[in-house]
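Visitor: The structure under discussion is supplied below as structure tokens; questions concerning it will follow.
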Amino acid sequence: MSLLRAPVTRRVAIVGGSRVPFARSDGPYATASNQEMLTAVVDGLVTRFGLEQPGAVGEFVAGAVLKHARDFNLARETVLGSKLAPTTPAYDIQQACGTGLQAVIAAANKIALGQSESAIAGGADTTSDAPLGVNDDLRRILLEARRAKSLGGRLKALARVRPGHLVPDIPRNAEPRTGLSMGEHAAVTAHAWGVSREAQDELAATSHQRLAAAYERDFFQDLVVPFRGLDRDQNLRPGSTVEKLAALKPVFGVDGPDPTMTAGNSTPLTDGAAVVLLASEEWAEQRGLQPLAYLTVYETAAVDFVAGDPAEEGLLMAPAHAVPRMLERAGLGMDDFDLVEVHEAFASQVLATLAAWEKAGLAPVDRARLNVAGSSLATGHPFAATGARIVATLAKLLAERGGSGRGLISVCAAGGQGVTAVLERPK
């Protein structure tokens with residue numbers, strides 16, 4: 001018996017995107033669940049592109065970082081509550097802040113191999129509706145009571161419950177291996193790279209100004225779906241300036257020398273959802289849809305942020321390794337990119353990543369090409385939604401330039417990971 005031939009890969013088109021305006025934690029979306037937000041953005045795509053019919057979408061891939069037990073089948077439940085046909089398969093994925101981009105890559109791989117013709121991919125996160133866990137000591141007592149063979153045994157176990165056991169476990173923005181928050185890790189890296197406060201504030205102010213300009217020219221008109229009274233990102237501060245940001249006090253690295261990271265040059269806790277519509281060229285052509293761009297190359301990386309060099313292997317520095325590797329494999333240099341999108345978890349992390357790329361031998365990134373429609377410092381950062389937001393934004397930016405073009409995406413993630421990709425428009 002001969003083996004089946006491996007399929008020839010196909011180009012994967014990015015057809016469109018949909019997201020809700022991002023909201024600050026405990027704000028307008030305080031009672032909105034991950035599923036509710038995901039359903040809103042999926043329905044936005046379904047309505048815009050007429051995807052209600054069975055088989056119109058091959059599958060739905062999505063995830064969330066902060067997830068309730070009730071969200072165990074989040075993607076599938078979203079399908080069942082949306083305008084998509086209930087026969088649409090779905091599955092969950094999670095890679096911290098890289099979730100949205102990794103979902104896009106997972107869906108794209110099946111399209112490239114001919115296993116599906118279209119897919120919707122992305123993610124959602126709410127820090128307002130974060131899951132609260134049962135105190136671990138109480139959990140052990142309850143499990144012991146459940147395993148008891150008699151009523152007396154159950155009562156004996158439950159008699160050990162104390163008032164302190166009723167305090168819930170609240171999710172912490174800290175790495176389990178180090179106990180440090182993402183901001184504290186970023187502060188260590190900022191110090192290691194000598195990133196200045198002024199440079200961080202300038203990057204943050206520019207992000208707000210560029211996002212405001214994008215809204216003013218209606219760039220997001222077909223990318224953002226109004227939700228719960230918001231029609232633009234709540235975190236956006238159009239009047240942000242370096243001078244205003246300079247008045248803020250540092251909030252990370254305050255126990256170390258010369259702290260530089262403030263609430264203004266760091267992303268706030270955010271609620272939101274975003275998805276992308278991907279397809280084969282044949283699928284798009286049959287429906288008269290013009291692809292915005294194509295997803296062509298991608299790379300993931302991880303660093304030893306626990307024992308490694310805080311500069312080279314800081315928690316958020318994996319893209320500093322992924323991008324040079326990806327570009328070498330693709331035969332590209334930084335000068336080959338018309339646009340560069342670097343997720344702005346912190347201004348210091350963006351600046352450290354840019355410096356690390358130069359140290360690795362890549363050409364400096366032209367700031368006029370970096371995050372030209374603003375990024376996470378202005379939009380906010382619902383962990384699993386950010387990757388899909390960036391893919392849709394970059395694809396449209398490339399499309400509106402006309403002609404050929406190429407864009408780079410870089411997303412850092414908790415756990416010392418990074419997800420990177422290249423979008424292109426052919427000649």
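The values are calculated or read from the model by the stated rules, or taken from the named source; none is laboratory data. Since the structure is predicted, the reported quantities are computational estimates derived from the model, not experimental observations. Cβ sites come from the backbone with ideal geometry, for glycine too, and all protein chains shown count toward neighbours. Areas reflect the complete protein model, heavy atoms only, side chains present, ligands, DNA and RNA absent. Shrake-Rupley method; radii C 1.70, N 1.55, O 1.52, S 1.80 Å.
Visitor: Hey, can you tell me all the residues within region 25-54 that are open to solvent by 60 Å² or more (accessible area, probe 1.4 Å) and over 23 Å from Arg70 (Cα atoms)?
Guide: Selection gives Thr47, Arg48, Glu52, Gln53, Pro54.
Visitor: In region 186-198, is there at least one residue being of a type in the set (D, E, K, R), at negative phi and either without any contact (Cβ under 8 Å) to a residue 40 or more places away in the chain or open to solvent by less than 30 Å² (accessible area, probe 1.4 Å) (or both)?
Guide: Within region 186-198, none of the residues are of a type in the set (D, E, K, R), at negative phi and either without any contact (Cβ under 8 Å) to a residue 40 or more places away in the chain or open to solvent by less than 30 Å² (accessible area, probe 1.4 Å) (or both).
Visitor: Quick one: would you say Glu424 is out of contact with any helix residue (DSSP H, G or I) (no Cβ under 9 Å at 6 or more places or on another chain), modelled with pLDDT of 95 or more and of a type outside the set (Gly, Ala, Ser)?
Guide: Spelling it out, it is not the case that Glu424 is out of contact with any helix residue (DSSP H, G or I) (no Cβ under 9 Å at 6 or more places or on another chain), modelled with pLDDT of 95 or more and of a type outside the set (Gly, Ala, Ser).
Visitor: For Asp137, which of the numbered conditions (1) open to solvent by 20 Å² or more (accessible area, probe 1.4 Å); (2) modelled with pLDDT of 95 or more fails to hold?
Guide: (2)
Visitor: Just to be sure before I move on: is Ala399 part of a helix (DSSP H, G or I) and surrounded by 24 or more Cβ atoms within 10 Å (Cβ to Cβ) in the structure I sent?
Guide: So Ala399 fails the test.
Visitor: Scan region 81-109 residue by residue and report those that are in contact (Cβ under 8 Å) with a residue 40 or more places away in the chain, of a type outside the set (A, V, I, L, M, F, W, C) and in contact with a strand residue (DSSP E or B) (Cβ under 7 Å, 6 or more places away or on another chain).
Guide: Scanning region 81-109 gives Gln94, Gln95, Gly98, Thr99, Gly100, Gln102.
Visitor: Give me a count of the residues in region 349-374 that are closer than 16 Å to His208 by Cα and either open to solvent by 10 Å² or more (accessible area, probe 1.4 Å) or in contact with a strand residue (DSSP E or B) (Cβ under 7 Å, 6 or more places away or on another chain) (or both).
Guide: Selection size over region 349-374: 7.
Visitor: Do we find a residue being open to solvent by 70 Å² or more (accessible area, probe 1.4 Å) and either modelled with pLDDT under 95 or touching a strand residue (DSSP E or B) at 6+ places or on another chain (Cβ under 6 Å) (or both) anywhere in region 288-303?
Guide: Among the residues of region 288-303, at least one is open to solvent by 70 Å² or more (accessible area, probe 1.4 Å) and either modelled with pLDDT under 95 or touching a strand residue (DSSP E or B) at 6+ places or on another chain (Cβ under 6 Å) (or both), which makes the answer yes.
So that you can scan it fast, the table gives a plain yes or no per residue for (1) touching a helix residue (DSSP H, G or I) at 6+ places or on another chain (Cβ under 6 Å); (2) not acidic (Asp, Glu):
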{"position": "Tyr91", "(1), (2)": "yes, yes"}
{"position": "Ser118", "(1), (2)": "yes, yes"}
{"position": "Asp125", "(1), (2)": "yes, no"}
{"position": "Val134", "(1), (2)": "no, yes"}
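This table checks each residue for (1) in contact with a Gly (Cβ under 9 Å, 6 or more places away or on another chain); (2) more than 23 Å from Leu278 (Cα to Cα); (3) modelled with pLDDT of 95 or more.
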position	(1), (2), (3)
Ala352	yes, yes, yes
Trp357	no, yes, yes
Asp366	no, yes, yes
His381	yes, no, yes
Ala384	yes, no, yes
Thr393	yes, no, yes
Ala399	yes, no, yes
Gly402	no, no, no
Gly405	no, no, yes
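Visitor: To continue, here is another question. Where in region 198-312 are the strands (runs of 3 or more DSSP E), entirely inside, with at least 2 residues that are aliphatic (A, V, I, L, M)?
Guide: By residue number, 270-280, 293-302.
Visitor: Could you check Phe337 against (1) under 20 Å from Ala62 (Cβ atoms); (2) surrounded by fewer than 24 Cβ atoms within 10 Å (Cβ to Cβ); (3) in contact with a Lys or Arg (Cβ under 9 Å, 6 or more places away or on another chain) and say which number it fails?
Guide: Only one criterion in (1) under 20 Å from Ala62 (Cβ atoms); (2) surrounded by fewer than 24 Cβ atoms within 10 Å (Cβ to Cβ); (3) in contact with a Lys or Arg (Cβ under 9 Å, 6 or more places away or on another chain) is unmet by Phe337, namely (1).
Visitor: Something else: Please work out which residue is modelled with the highest pLDDT, limiting yourself to region 55-91 and to residues that are of a type in the set (S, T, N, Q) and surrounded by fewer than 16 Cβ atoms within 10 Å (Cβ to Cβ).
Guide: That would be Thr87.
Visitor: Sticking with this structure for a sec: Restricting attention to region 112-134, which residues are among the hydroxyl-bearing types (Ser, Thr, Tyr), over 18 Å from the mean Cα position of the chain (by Cα) and open to solvent by 10 Å² or more (accessible area, probe 1.4 Å)?
Guide: Here is the first cut: in region 112-134, the residues among the hydroxyl-bearing types (Ser, Thr, Tyr) are 116, 118, 126-128.
Still in the running and over 18 Å from the mean Cα position of the chain (by Cα): 116, 118.
Selection gives Ser116 alone.
Visitor: Do you know which residues across region 182-197 are among the hydroxyl-bearing types (Ser, Thr, Tyr) and not in a loop (DSSP other than H, G, I, E, B)? If you could, list the steps in order and put the result at the bottom.
Guide: We begin by selecting, within region 182-197, every residue among the hydroxyl-bearing types (Ser, Thr, Tyr); these are 189, 196.
Listed by number, the list holds a single entry, Thr189.
Visitor: Okay, moving on. Which residues, taken from region 230-256, are out of contact with any His (no Cβ under 7 Å at 6 or more places or on another chain) and within 20 Å of Ala186 (Cα to Cα)? Please lay out each step first, then the result.
Guide: Applying the first criterion (out of contact with any His (no Cβ under 7 Å at 6 or more places or on another chain)) to region 230-256 yields 230-235, 239, 241-252, 254-255.
Listed by number, the residues that qualify are Leu245, Ala246, Leu248, Lys249, Pro250, Val251, Phe252, Val254, Asp255.
Visitor: Taking the criterion of being out of contact with any strand residue (DSSP E or B) (no Cβ under 9 Å at 6 or more places or on another chain), in a helix (DSSP H, G or I) and of a type in the set (Gly, Ala, Ser), would at least one residue in region 172-181 satisfy it?
Guide: no
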